[in-house]
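Right, one structure below, let's go through it.
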Amino acid sequence: MLGSVLKTARRAKGMTQQEVADSAGIHVRTYQNYESNKRCPTLDVAARLSDILGVDVRDLAQRQSRSA
């Protein structure tokens, strides 16, 4: 699922949820909801997360559509 991809990538980068949220310009609670699969990011936010975490945005989009 999308949340596990985000969490794995974030941990691999050695970043906190707060650091990722700040870098993406979103509230930390919003990011936490992405990691726990309670919410899905918009394409714009997914692109920002992709850049920050070094994950291909297409991979994020595919996992998001599979988990929907």
Rg/Rh (Cα only; Kirkwood hydrodynamic radius) as it applies to the chain
0.90
Sorting Asn37, Ala9, Ala24 by the position of each Cα along the dipole of the chain (Lys, Arg +1; Asp, Glu -1; all at Cβ), the one nearest the positive end of that ordering is Asn37
For the stretch 27-38, just list the computed ³J(HN,Hα) in residue order, Karplus coefficients 6.51, -1.76 and 1.60, θ = phi - 60°, integers in Hz, with x standing in for Gly and Pro.
6, 4, 5, 4, 4, 4, 5, 5, 5, 8, 6, 8
So, relative contact order of the stretch 2-67 in percent, Cα under 8 Å, 6 or more apart, is 37
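Just how large is the dipole of the chain about the Cα centre, in debye to the nearest 20, putting +1 at every Lys and Arg Cβ and -1 at every Asp and Glu Cβ?
On the way: 11 positive and 7 negative charges, 55 e Å.
That gives a dipole near 260 debye.
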For Ser50, what is the net charge nearby, where nearby means another residue's Cβ is under 10 Å from its Cβ and Lys, Arg count +1, Asp, Glu -1?
-1
Under the Karplus relation 6.51 cos²θ - 1.76 cosθ + 1.60, θ = phi - 60°, what is the ordered set of whole-Hz ³J(HN,Hα) values for the stretch 43-58, x standing for Gly and Pro?
4, 4, 5, 4, 5, 5, 4, 4, 5, 5, 9, x, 10, 5, 4, 5
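Laboratory data are not the source of any read-out in this text; all were calculated from the coordinates shown. From a predicted model like this one, the values you see are computed outputs, not experimental measurements. Here Cβ is always computed from backbone atoms with ideal geometry, including for glycine, and neighbour counts include all displayed protein chains.
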